[in-house]
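The values are calculated or read from the model by the stated rules, or taken from the named source; none is laboratory data. Bear in mind the structure is a predicted one, so any value in this text is a computation, not a measurement. Cβ atoms come from the backbone with ideal geometry, glycine included; neighbour counts cover every protein chain shown.
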Amino acid sequence: MTTRPQVTIPIEPERYELRAPACYVFESNRREFFKFLGAGVFIACAASRGNARQESGGGRRNSEDSLPKDIDAWLHIGEDGSVTAFTGKVEVGQNIRTSLTQAVAEELKVPVNSVRLVMGDTQLVPFDMGTFGSRTTPVMNLQLRRVSAAARDVLVDLAAKQWNADRARLTASDGQVVDPQTKRALPYGQIVKGQQITQMLPAEDPLIPASEWKVAGQPLPKVNGRDFVTGKHRYPSDQTLPGMLYGKVVRPRVFNATLVSADTQAAEQLPGVTVVRDGNFVGVAAPTSSLAEQAESLIHVQWKAEPQPSSTELFEYLKKNQLPREDRDDGPVTKKGDVQKALAAAARHVQQTYNINYIAHAPLEPRAALAEWNGDQLTVWTGTQRPFGVRGELATTFHLPEEKVRVLMPDTGSGYGGKHTGDAAIEAARLARASKKPVKVIWTREEEFTWAYFRPAGVIEVTSAVDANGKITAWEFHNYNSGAAGIPTYYDIPNQLIEFHPVKSPLRQGSYRGLAATANHFAREVHMDELAHAASIDPLDFRVKNLKEERLRDVFVKGGEKFGWARPKPKNHGYGVGGGYEKLGYVATFVEVAVDRGSGDVKVQRVLTAFDCGAIVNPDGLRNQLIGANIMGLGGALFEAVEFENGRILNNHFASYRVPRFRDLPPMEALLLDRKDQPSAGAGEAPIVGLAPAISNAVFDALGIRLRGMPLGPLLVSEGYQLS
Amino acid sequence: MATMKLLINGQSHRVDADPDASLLSVLREQLDLTGSKYGCGEGQCGACTVLVDGKARRSCQTPVSAVSDKPITTIEGLAKGDNLHPVQQAFLDEGAMQCAYCTSGMIMSAVSLLSFKANPSEKEIVDYMQGNICRCGTQPRIIAAIRKAATAMQGSRS
């Protein structure tokens, strides 16, 4: 047994979508667990306001009313020995239903298949801010381990009492308490029979150290995998209710449009169709989706809108449209030493600008919601990374107390940071209220590409200096719009000025896997390469030379060894590296590119990512996330960019917005550094940040052409090459 | 509206639908077969893939009237009782899914490929699966699963 690792992660200063107002303006009481699950043992926490706000704060719009008023129950052991754990975290493909199940099974000493997780149901689970920021593993995994350890203690206590035996010699294993002396064993179900016990979580309780894990640390397959390969699992868009209607929203042709007039007469004549016009919202509900589409097409709406910027002028626009000081909510400026003086004194300095385009999440399941009213009680099934946040949006929009709103989140067809808001939930609920029937809204692909939000574009300016010994002496870094996540440099530099400049974004923008860390790492790691060349030092040696952090040095050094960085490369091949520290994870990605001088094809030949996220909870799930992040990252690195013109998205289909497909993928390798002595960290985001700069740096190594923007592909086209 | 007969997963169904309605909408809305997914409605992502006469078809692009009386297999009809199809089993064994929203379409496409190419090369798999999108980036495992299924199916034939 060991002490509990302490983890603190700052919540990123950027949460654009939480600052956005609800998308429309319109005119169950606390859970009874014993009734719900029967007798047994509960492990609960007093709802600590401090903690709840930290981890589960619900964002700026949510008031104190949204915090639990009594206790939060986290775990229940039933008379049949079944274990139910409750969490506000949700499953969007990162496989946390599996890794959290492992945490419970490990500490409670029960078989994995006896554990059931209730996730993201606002009526049943403790309040939670949402599933983002790679917080599930460092925070929720730890929390469920703690409650499971507490439950195990209660069970041992009860068994000791029942047997009148010395508690100290009893052990728990495989769902029962065992007395090694008498060879007696009591299954948990029998221990809790007839009991109704609520045990509060003790402040300190030792946890099983990672080095002794039996279930955690193992490559457990997806716990409900069979439901997915058989089509049995019901995603939000698959949910149905008797008498349900299909909803459709009439969208303006451009962003920021105001409704002038709407002719809804023809649509209203259709059988069973309800038409709603409320403020800027126009929508229909109909017994079939095709009838809903027909009704929508019969509605003629006049909108008015002002001229809006276009993607061809994006980067100039971002530089010119910073928010006034008083509207800004950015993190503190980092100032250290005297940058100006250091730049003036330096042997060599480099000044460059890096441009990052908007990209779309394009989750394969578009936003979807099914809403049902019972009197003034609203229930919504929807795919969101913030069930409690969406509950808050619904309560605000419909002028309800939050207790009247229940949001349920069935395991969803991905998110990547793109499903924080409750747009589809609000639309479905508004249509359901008007039609007095349950209504399901599923966004079309075009709607998803247009009316969701985007990863922020950005302009990043970097000025730096290096001394004659290859030590970086000055670092000035300005990020316009893309965000503050990952903006601090982890290199050891005495003089720094680092600043994020928020901008009035021309498009609706918000979270995306890794937030701005991808943009900031791109600029930093490409710039590091430029600086290494200015100092005539090998780019990998240059990084290691300027790093003090041991774990970060490790991923660079061990990744480089595995990749074969020092090995001579074939003619017309180039090597590149990029990496850093993000969301408690240490990452270094290595890339080899090959150039065909005849055809001009530049191909990413192979990718290796070395990663350290502390003690690994599930190596198989981790590999899936890490390779997945690199594949997703390949799109943003090579070719993804949102094109827009005067309030319209020009490439809002998969035919025009290219995402990585089977033919695009080079061999990819993961090098996992399992640090059993370190707390477990998340892995959904950090592994995405190293790829783009590594490719850019490899292209420079092969061709001597420096690509200073994302995506890279179009920049190389202008040099006469095709990058793939 | 027209009344049509559909033969799905070995069962005959009578449906009343607009003849131009997509097979996907009829499967999902009228027959509650929600394993086939909407991903784009334009035949660009493959999430809606089903088998018609044993061949992969994008059900979002297939008018329901065009497949009346033809045998249709959806993901729900692939397993025989409790026994998974070898492709389903291989996807499970390889952990070839993350959010798994693309999985049913991936599996149906793979079944179609293996029906006419018993032992496809990696390049043949990649080329055939090019029309199926996995946004989570599980493609390498999907390729491995298809190879594994091919081996398993050949083994069971010999």
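Just one of the listed residues (A:Arg184, A:Arg135, A:Arg167, A:Arg152) is charged (D, E, K, R), buried (at least 21 other Cβ atoms within 10 Å of the Cβ) and modelled with pLDDT of 95 or more, namely A:Arg152. Close contacts from region A:608-632, counting a first residue that is of a type in the set (D, E, K, R) and a second that is assigned to a loop (DSSP other than H, G, I, E, B), with Cβ to Cβ under 8 Å and a gap of 6+ residues or different chains, come to A:Asp612/A:Leu673; A:Asp612/A:Arg675; A:Asp612/A:Gln678; A:Asp620/A:Pro219; A:Asp620/A:Leu220; A:Asp620/A:Pro221; A:Asp620/B:Gly95. Exactly one residue among A:Val110, A:Val139 is closer than 30 Å to A:Ala517 by Cβ and hydrophobic (A, V, I, L, M, F, W, C), and that residue is A:Val139. The residue pairs whose first member lies in region A:87-102 and is over 23 Å from A:Ala44 (Cβ atoms), whose second member is surrounded by fewer than 24 Cβ atoms within 10 Å (Cβ to Cβ) and of a type in the set (Val, Ile, Thr), and whose beta carbons are closer than 6 Å, counting only pairs six or more residues apart or on different chains, are A:Thr98/A:Val223.
For region B:60-72, the tally of residues that are closer than 14 Å to B:Ser12 by Cβ and buried (at least 20 other Cβ atoms within 10 Å of the Cβ) stands at 2.
Read through the list (1) touching a Ser or Thr at 6+ places or on another chain (Cβ under 9 Å); (2) in a loop (DSSP other than H, G, I, E, B), then give the number of the only condition that B:Val50 fails. Single failed check for B:Val50: (2). Sub-6 Å Cβ pairs linking a first residue in region A:217-246 that is facing chain B (nearest Cβ under 7 Å) to a second residue that is surrounded by 18 or more Cβ atoms within 10 Å (Cβ to Cβ) and among the charged types (D, E, K, R), at least 6 apart or interchain, are A:Gly231/B:Glu76; A:Tyr235/A:Glu365; A:Ser237/A:Glu365, ordered by first then second residue. Note on region A:652-679: residues that are within 24 Å of the chain's Cα centre (by Cα), in a loop (DSSP other than H, G, I, E, B) and of a type outside the set (Asp, Glu) amount to 13. Apart from one condition, B:Gly35 fits all of (1) more than 17 Å from A:Val229 (Cβ to Cβ); (2) within 11 Å of chain A (Cβ to nearest Cβ); (3) not aliphatic (A, V, I, L, M); the exception is (1).
Within region B:1-23, the set of residues being at the interface with another protein chain (Cβ under 10 Å from one of its Cβ atoms) and buried (at least 19 other Cβ atoms within 10 Å of the Cβ) comprises B:Ala17, B:Ala21, B:Ser22. Inside region A:373-390, residues that are surrounded by fewer than 22 Cβ atoms within 10 Å (Cβ to Cβ) and hydrophobic (A, V, I, L, M, F, W, C) make up a count of 1. Of the residues making up region A:666-724, those that are in contact with an Asp or Glu (Cβ under 6 Å, 6 or more places away or on another chain) and within 14 Å of A:Thr589 (Cα to Cα) are A:Leu673, A:Ala686, A:Val689, A:Pro693, A:Asn697.
Residues of region A:234-266 that are among the hydroxyl-bearing types (Ser, Thr, Tyr) and either under 15 Å from A:Ala286 (Cα atoms) or not in a loop (DSSP other than H, G, I, E, B) (or both): A:Ser237, A:Thr240, A:Tyr246, A:Thr258, A:Ser261, A:Thr264. Checking region A:556-579 against the condition returns no match, with no residue being farther than 27 Å from A:Gln605 by Cβ, part of a strand (DSSP E or B) and touching a Pro at 6+ places or on another chain (Cβ under 8 Å). Here A:Ala360 does not qualify as more than 14 Å from chain B (Cβ to nearest Cβ) and modelled with pLDDT of 95 or more.
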